[in-house]
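**Q** Got a structure here, written out as structure tokens. Questions coming.
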């Protein structure tokens, strides 16, 4: 009798889990389909009748242009509606709409393309993962934070290649086509994959131009501008890039890794005695840079990477998660 009750209980739990996953997927698919019905020029009343109230509204009036999100700068919106935010994260995990001064739609994000179709990830789990990806730093040495990159990569790598790629593809689908989204997803994919004979250097990354060229030998730093130190700690070896135009959505990078990429076999484990390892890690960086940089340039970049390693140590010392504001 006890065994029968246990079996019934387990079947019930599994059924509830499946229903919850299906409900979450239905909500996302339904939302995307309704959002696709909204066209430029449609008013807020139509939007609300289809999608309901936004979970977050941004008023751009009085906000300096350089302080507005890139997508808002591009659209010229004076008001933005986010869907799928929560009280701990403003990232719109379902999509967003931009409105002009007359309250009419300018553009939308999250209605195009097919939403993720994965029965192994619940809607709540998916939203958490999308929020994590949004924490990825841009392609600048001064902003690169190995602690954040490691946490995001470890959360995705545990899904496996197929589901991990699907989650990243969904992040691209719901996001505006901006440089920061391209950098976040492209650099995350670099960290998530191993280097093989066929994948030395990986796909061409459209990060822009920099006054310091990459090494002549692609085997020296095969993930350039990212390099994995001992323990696979990811550091960024470029100060910054200059660019014009848009590099695209990042789907070309994802598609390349779909074909050629070898998924990481394990998470990145930072040693508990990191403070003792930091001097050797910093020396490792300097020794590497001296192989293809002049001593003064090597020292400058090494100083930037040193700050990156200090951020990692600071997170470990403080015992805080790199994306503590995200559930």
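We did not get these values from a lab; they are worked out from the coordinates using the rules stated. All figures in this text were calculated on a predicted structure; none of them were measured in a lab. With ideal geometry, Cβ positions are generated from the backbone for all residues, glycine too; neighbour counts draw on all protein chains shown.
**Q** Dividing the Cα convex hull volume of the range 125-318 by residue count, how many Å³ per residue is that?
**A** Details: hull volume 22.0 nm³, N = 194.
Measuring per residue, one finds 113 Å³ for the Cα hull of the range 125-318.
**Q** Sticking with this structure for a sec: Roughly how tilted is helix 295-318, in degrees to the nearest 10 and between 0 and 90, from the longest Cα axis of the chain?
**A** Approximately 50 degrees, to the nearest ten.
**Q** When a/c reaches 1.5 or more, the comparison of a/b and b/c decides; with that in mind, is the range 132-206 rounded, prolate or oblate per its Cα gyration tensor?
**A** Rounded shape, in that the Cα axes give a/c under 1.5.
**Q** Using per-residue counts of other Cβ atoms within 10 Å, averaged over each peptide, order 62-69, 309-316 from highest down.
**A** Averaged packing, sorted descending, gives the order 309-316, 62-69.
**Q** Something else now. Take the Cα of residue 239, step 7 Å along the line toward its Cβ, and report every residue of the range 139-162 whose backbone nitrogen sits under 15 Å from that point.
**A** From the range 139-162, the list is 140-143.
**Q** Could you sort 29-39, 123-133 so that the peptide with the highest average Cβ count within 10 Å comes first and the rest follow in order?
**A** 123-133, 29-39
**Q** Given R₀ = 22 Å, what would the calculated FRET efficiency be for residue 267 paired with residue 117, taking r from the Cβ atoms and rounding to 0.05?
**A** The value I calculate is 0.30.
**Q** Here's a follow-up. Points 7 angstrom from Cα along the Cβ direction at residue 194 and residue 210: gap in nanometres?
**A** 2.7 nm
**Q** Also: Hey, what number do you get for the chain at 222 nm if only DSSP H runs of n ≥ 4 count, each worth -39500 (n - 2.57), divided across all residues, to the nearest 500?
**A** Values: 10 runs with 150 residues, N = 327.
After summing the helix terms and dividing by residue count, I get -15000 deg cm²/dmol.
**Q** Measure nothing but the geometry: give the 0 to 90° angle between the long axis through the Cα atoms of 2-36 and the longest principal axis through the Cα atoms of the chain, rounded to 10°.
**A** Compared with the principal axis, the helix lies near 90 degrees.
**Q** Here's a follow-up. Expressed in nm to one decimal, what extension gain is obtained for the pair residue 87 and residue 300 from 0.36 nm per residue of sequence separation less their Cα-Cα distance?
**A** 72.6 nm
**Q** May I pose another question? Suppose R0 equals 22 Å. What FRET efficiency, 1/(1 + (r/R0)^6) with r the Cβ-Cβ distance, do residue 280 and residue 317 give to the nearest 0.05?
**A** 0.80
**Q** On to the next question. Rounded to the nearest 0.05, what FRET efficiency is calculated for residue 291 and residue 63 with R0 set to 30 Å and r the Cβ-Cβ distance?
**A** Details: r = 46 Å, r/R0 = 1.52.
Calculated transfer efficiency: 0.10.
**Q** Oh, and also: Given a cut-off of 14 Å, what percent of all Cα-Cα pairs of the range 34-109 lie beyond it?
**A** On the way: 1642 of 2850 pairs.
In whole percent, the long-distance tail amounts to 58.
**Q** Right, next: Angle check, please: helix 146-157 long axis (alpha carbons) against the longest principal axis of the chain (alpha carbons), in degrees 0 to 90, nearest 10.
**A** 50 degrees
**Q** Provide, in order from the shortest bin, the percent of all Cα-Cα pairs of the chain in each 20 Å bin, continuing until the bin that contains the maximum pair distance.
**A** 28, 53, 18, 1
**Q** Where in the range 104-139 does the label zone of residue 49 land, with the point 7 angstrom along Cα→C-beta and an amide N cut-off under 17 Å?
**A** Residues passing the 17 Å test: 104-105.
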